[in-house]
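Just so it is clear, none of the values below were taken in a lab; they were calculated from the coordinates. Computed from a prediction, not measured in an experiment: that's the story for all the values here. Reconstructed Cβ throughout: ideal geometry from the backbone, glycine too, with neighbour counts over all protein chains shown.
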């Protein structure tokens with residue numbers, strides 16, 4: 001599946017870079033945790049927003 | 001003329017008598033999306049046909065079986081451009097007036113317009129080359145187009161939700177109207193302009209609604225289904241049935257004894273836009289006017 | 001003693017006095033301290049336009065996309081909404097590219113406009129997403145895109161698109177938030193309501209976290225550059241470039257073509273925003289002309305390169321091309337759409353890029369206002385150019401259907417205007433809530 005290949009090609013380096021940042025100096029920092037938390041919250045937020053928007057729009061559309 | 005009337009009447013009587021049973025059967029045999037694999041896995045599964053079966057009359061029997069590849073052969077030499085197929089399809093499949101032209105379009109061609117060329121600007125300005133109101137005209141030939149139910153459909157590849165899919169059992173490219181989000185990627189991916197979009201909610205008078213075919217909501221894509229509700233029930237697609245000159249033929253392309261296979265063995269045939277690697281299931285032959293029945 | 005022209009804020013010892021330091025600090029947060037009447041008037045006007053756009057959208061939601069001029073099978077299946085999507089999505093790179101230059105190339109002089117560009121990224125990406133929602137026939141089913149993501153990511157370019165845009169947005173937003181924290185902590189006690197918001201956003205704050213965040217900025221800059229290519233030079237052009245069904249779209253040039261356009265339009269957008277804010281808040285000393293000199297030169301060169309790509313594309317579609325491509329090219333070069341095409345190419349790209357390159361070669365001719373205005377012209381030209389990419393191919397089907405036409409309706413233009421107004425409005429709200437200029441380390 002070409003798409004899986006393409007997405008892996010795109011996401012894997014990004015993930016590697018984030019890992020590199022987490023392991024980089026200065027160590028013993030809260031920032032990686034805060035950053036990863038932000039990523040999770042934003043992703044989850046966007047998906048939740050889509051679900052909410054879809055529900056809201058279903059009253060007007062169709 | 002009267003032969004066709006009688007045939008039509010008989011069909012409707014049989015249809016009316018069996019409507020409850022047929023409806024139940026169709027509902028059970030209807031495209032199953034809940035337990036379906038990914039559309040791609042399905043497409044791969046049909047790549048190796050295992051040979052179809054046929055009933056005594058050469059038509060496909062009820063309920064889709066593995067290894068069938070439904071296809072159509074249109075005899076462009078015989079077609080007189082009457083558009084009866086176009087309007088019968090529209091009535092059969094609850095296509096509203098707001099979808100224009102409906103699922104089938106018929107072109108009026110002559111040799112200044114190739115299959116895959118464009119009419120020249122001057123010809124269009126002089127009066128459209130490919131649309132017409134009266135037919136048949138001397139020196140012109142007629143070519144109906146609709147969804148080709150490709151073996152390698154670009155529309156299925158690009159759909160972001162899997163709403164359009166190729167059924168592995170009989171090779172039909174179908175729509176799940178509940179999944180479609182109306183992005184129209186499939187519409188732009190189809191090189192044949194076969195797909196239609198419900199820009200507004202189509203209005204169909206209640207008394208003319210065919211209960212076997214879903215009425216589509218606004219904002220979804222639709223197209224020819226090779227009359228899936230008929231062809232999975234031992235019937236012919238409506239367009240094939242109503243053609244007054246018998247220019248349309250339908251059957252199992254995997255069955256070497258089917259009408260369509262025999263036609264393709266005996267006559268040179270082409271498919272539209274071959275080079276785009278879509279592998280259509282709709283062939284065009286031309287045996288000429290002497291084969292009009 | 002020599003009469004040295006001294007900054008009046010500096011005392012003889014060369015150190016800023018306390019008051020001067022406060023004034024200096026205040027300079028950067030001027031938007032947070034004062035709100036002018038013009039600002040409120042502009043916001044009001046934008047709110048009206050955005051409101052009108054939303055009204056048109058609600059009309060479209062209830063009546064269907066039939067309120068647009070789009071049509072199947074003859075006519076444009078995709079129209080100004082998709083043009084808008086490409087425009088906004090590809091504009092969302094300038095900010096992050098500028099920030100990447102600051103961190104990776106140590107281009108410190110670009111630092112003051114870093115955050116301006118990052119906020120631009122967030123706002124334009126949001127408008128890109130909104131444009132897609134507007135274009136959908138069933139936006140109430142938008143969650144299907146997520147629900148069936150695992151099933152479709154293997155094959156659908158739209159699914160790839162959604163994935164990369166979400167990743168890019170999440171990383172950009174996190175980047176903006178984390179790099180802004182050092183300015184939030186500086187001003188948190190100064191403001192009441194905003195201060196509470198700042199404190200909320202300072203969750204998990206550790207004094208000295210700036211060092212780690214600077215490392216994050218460095219690493220993310222690399223990831224962002226990679227994502228810029230993957231988005232504007234990858235998944236977005238591949239929605240078009242991979243489809244042989246639309247001559248003019250089907251081209252291996254699509255990727256580089258869109259990427260070049262993205263870099264040009266996004267750098268122009270950063271300059272336009274920075275130029276307006278600089279004028280409006282009297283930041284002439286904070287954002288030096290050199291910023292516009294450098295970015296202006298880059299913009300001029302990239303735009304010139306884009307014109308070369310356009311020429312190559314049209315030559316290929318004309319020389320000995322298959323008839324469908326010739327027909328599409330004819331439409332754009334000499335047919336119905338040719339006035340738009342030639343005005344865009346000459347007045348929109350040609351003259352601006354020439355002027356930008358000339359004022360780079362001859363520094364004496366350089367002028368900030370002119371550079372900012374030309375940036376605005378180039379941005380508008382890119383909207384038109386993307387129209388000329390999306391629509392013409394759709395009006396010339398491969399099969400002998402009649403040629404299509406597409407004249408967008410009032411509803412479409414209202415919604416487009418609404419998205420622009422909303423984008424500017426969101427941006428203007430941001431500068432009233434958060435510090436838009438990166439604070440100096442004094």
Legend entry - Distance-filtered residues of the range C:407-442 - backbone nitrogen under 19 Å, label point 7 angstrom along residue C:27 Cα→Cβ: C:435-442
Legend entry - Cα gyration tensor category, rounded, prolate or oblate, for the range C:341-442 with a/c compared to 1.5: oblate
Legend entry - Between 0 and 90°, nearest 10: helix C:37-63 axis offset from chain C longest Cα axis: 30
Legend entry - 0 to 90° range, to nearest 10: angle between helix C:351-361 axis and chain C longest Cα axis: 40
Legend entry - Order of B:260, C:298 under a 10 Å beta carbon neighbour criterion, fewest first: C:298, B:260
Legend entry - Whole-Å distance, taken between Cα centres, linking the range A:31-62 and the range B:225-261: 48
Legend entry - Long-range tail of P(r) for the range A:2-57 (Cα pairs > 16 Å, %): 62
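State the extension gain, in nm to one decimal, for the chain segment bounded by residue C:433 and residue C:354, taking 0.36 nm per residue of separation less the distance between their alpha-carbons. List each step's numbers first, then the result.
Details: separation 79, 0.36 × 79 = 28.44 nm, distance 3.88 nm.
Working it through step by step, the gained length comes to 24.6 nm.
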Inset, instruction - Can you figure out the FRET efficiency of residue A:24 with residue C:48, using R₀ = 51 Å and their beta-carbon distance, to the nearest 0.05? - result: 0.55
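First measure r as the distance between the Cβ atoms of residue C:369 and residue B:203, then evaluate 1/(1 + (r/R0)^6) with R0 = 51 Å and state the FRET efficiency to the nearest 0.05.
Working: r = 57 Å, r/R0 = 1.11.
The formula returns an efficiency of 0.35 here.
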Legend entry - Contact order normalised by residue count of chain C, Cα under 8 Å, 6+ apart, percent: 31
Inset, instruction - Could you work out how far helix C:410-433 tilts from the main Cα principal axis of chain C, as a 0 to 90 degree angle to the nearest 10? - result: 20
Legend entry - Antiparallel bridge percentage (DSSP; both residues within the protein assembly as shown; nearest 5): 80
Legend entry - Rg in Å to one decimal, and Dmax rounded to a whole Å, for chain C via C-alpha atoms: 23.4, 88
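When the helices in chain C are scored as -39500 (n - 2.57) per DSSP H run of 4 or longer and the sum is shared across all residues, what 222 nm value do you end up with, to the nearest 500 deg cm²/dmol?
On the way: 19 runs with 296 residues, N = 442.
Estimated from H runs of four or more residues: -22000 deg cm²/dmol.
Please report the equivalent ellipsoid semi-axes of the protein assembly as shown, computed as sqrt(5 x eigenvalue) of the Cα gyration tensor, largest first, in whole Å. The partial results should precede the final answer.
Values: eigenvalues 666, 159, 100 Å².
With the √(5λ) rule applied to the protein assembly as shown, the semi-axes are 58, 28, 22 Å.
Quantify how much of the Cα-Cα distance distribution of the range C:155-231 extends past 13 Å, in percent.
Numbers: 2065 of 2926 pairs.
For the range C:155-231, the fraction of Cα-Cα distances above 13 Å is 71 percent.
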Inset, instruction - Treat the range C:203-296 as a sphere of radius equal to its Kirkwood radius over Cα pairs and apply Stokes-Einstein at 25 °C in a medium of 0.890 mPa s; give the translational diffusion coefficient in µm²/s, rounded to a whole number. - result: 149
Inset, instruction - Calculate the length of the line joining the C-alpha centroid of the range C:35-72 to that of the range C:295-341, in whole Å. - result: 32
Legend entry - Gap separating the Cα centres of the range A:1-22 and the range C:210-264, nearest whole Å: 15
